[in-house]
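See below for the structure under consideration.
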Amino acid sequence: MQNRILKELKNKTYQQLEKEAGEKSVELARLSGELATGRLKNVRLIKGARIHLARVKTLIRQMQMTEGAEKRV
């Protein structure tokens, strides 16, 4: 399942990844708020959101690095 998600992310453009990172950040904030108020029953959702956000940010950074390397050549 993780490989499928990663393949889907790699096929997205830079702008799509930026949008997804923003959406996941909002979701993570919402989940954290629900946890603080005691409304969140499945706390594993927070870990999943954090991991997904990290994957997206990693791909964004990789795109930035390869873009910078191409400009130097």
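The values are calculated or read from the model by the stated rules, or taken from the named source; none is laboratory data. Computed from a predicted model, the values in this text were never measured in an experiment. All Cβ positions, glycine included, derive from the backbone under ideal geometry; neighbour counts span all protein chains shown. Accessible surface is based on the protein model in full, side chains and every heavy atom, while ligands, DNA and RNA are left aside. Shrake-Rupley method; radii C 1.70, N 1.55, O 1.52, S 1.80 Å.
The table below lists the values:
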{"read-out": "Test item: Cα-centred dipole of the chain, Lys/Arg +1 and Asp/Glu -1 on Cβ, debye", "value": "260 debye"}
{"read-out": "(1) 13.1; (2) 13.6; (3) 14.4, with the label sought being that of the calculated Kirkwood radius over Cα pairs in Å", "value": "(2)"}
{"read-out": "³J(HN,Hα) computed for each position of the range 22-39 - Karplus, 6.51 cos²θ - 1.76 cosθ + 1.60, integer Hz, glycine/proline x", "value": "x, 5, 5, 5, 5, 4, 5, 5, 5, 5, 5, x, 5, 5, 5, 8, x, 8"}
{"read-out": "Förster radius 35 Å - calculated FRET efficiency between residue 34 and residue 65 (Cβ-Cβ, nearest 0.05)", "value": "0.50"}
{"read-out": "Tally of Lys pairs whose C-alpha atoms are under 22 Å apart, taken over the chain, 8 or more apart or cross-chain", "value": "19"}
{"read-out": "Accessible surface of the range 12-51 [probe 1.4 Å, protein heavy atoms]: carbon and sulfur percent", "value": "56 percent"}
